[in-house]
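Shown next, in structure tokens, is the structure this report addresses.
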Amino acid sequence: MKHFEGRTASNRAPITVDYEGRMDIIMTHAVLESLFTIFSTMVGLKISPGVPETKLDTRARGVVSSLIGMEAAGAQGSVALSLPLPSIREISRSLMGHELTAADREAADMAGELNNMLVGGAKRILSERGFDFDMQRPTLLMGEGHEIVHHYAGQTVLLPIQLGQDEFFVELNFE
């Protein structure tokens with residue numbers, strides 16, 4: 001069993017992890033592997049993971065987000081990607097060749113496409129490890145302070161991802 005200390009903000013709690021057969025941990029590893037592959041090969045930007053923490057609210061940490069549900073025999077959950085405006089600017093400049101400067105439909109579409117690639121890559125990785133997941137279409141969310149509601153009883157884990165001086169967030173909720 002491993003213990004990760006969360007940040008000291010009052011709405012964050014430490015996560016206790018037991019790696020033996022836990023779908024949330026298996027999924028987290030697949031998502032991170034997929035994320036690093038996408039950013040190193042397609043986006044061309046260096047990222048590094050922050051400390052995972054329990055998310056105790058539904059408030060998005062970015063101005064655009066994408067939420068995708070996944071289901072398998074005996075497991076279900078969702079993955080969200082939430083992008084603050086500085087990360088949108090940096091990712092769009094590298095990925096699309098022009099900078100998006102607003103939290104608009106184009107930025108939400110980019111978040112949706114990135115999350116599709118992220119969850120699709122994780123699905124492939126999980127399939128190679130013997131887990132067969134179906135994935136849903138992304139739900140796109142926009143606006144300062146929007147909510148990300150995972151429709152599962154599992155604990156939501158917030159993974160901050162460093163992108164230069166900025167960060168963006170991946171959320172996982174699996175039961």
Grab the beta carbon distance between residue 127 and residue 166, set R0 = 35 Å, and tell me the FRET efficiency rounded to 0.05. 0.60
Separation between Cα centres of segment 40-87 and segment 100-175, rounded to whole Å: 4 Å
Mind giving me the FRET efficiency for residue 147 and residue 73? R0 is 25 Å, r the Cβ-Cβ distance, nearest 0.05 is fine. 0.25
In degrees, nearest 10, the alpha-carbon axis of helix 105-128 is tilted away from the dominant principal axis of the alpha carbons of the chain by 30 degrees
Diffusion coefficient, µm² s⁻¹, Stokes-Einstein with Kirkwood Rh over alpha-carbon pairs of segment 113-175 at 20 °C and 1.002 mPa s: 156 µm²/s
Where does the Debye-calculated log10 I(q)/I(0) of segment 2-174 sit at q = 0.10, 0.12 Å⁻¹, using only Cα point scatterers of equal weight, no solvent? -0.34, -0.50
For 151, 29, what's the fewest-to-most ordering of other Cβ within 10 Å of each Cβ? 151, 29
FRET E, pair residue 155, residue 96, Förster distance 30 Å, beta-carbon r, rounded to 0.05: 0.30
Just subtract the alpha-carbon distance of residue 116 and residue 59 from 0.36 nm times their residue separation and send over the number in nm, one decimal. 18.4 nm
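Every read-out reported here was derived from the displayed coordinates using simple, explicitly stated rules and does not represent laboratory data. This one's a predicted model, so the numbers in the text were calculated from it and none came from an experiment. Cβ coordinates were reconstructed from backbone atoms using ideal geometry, including for glycine residues, and neighbour counts include every protein chain displayed.
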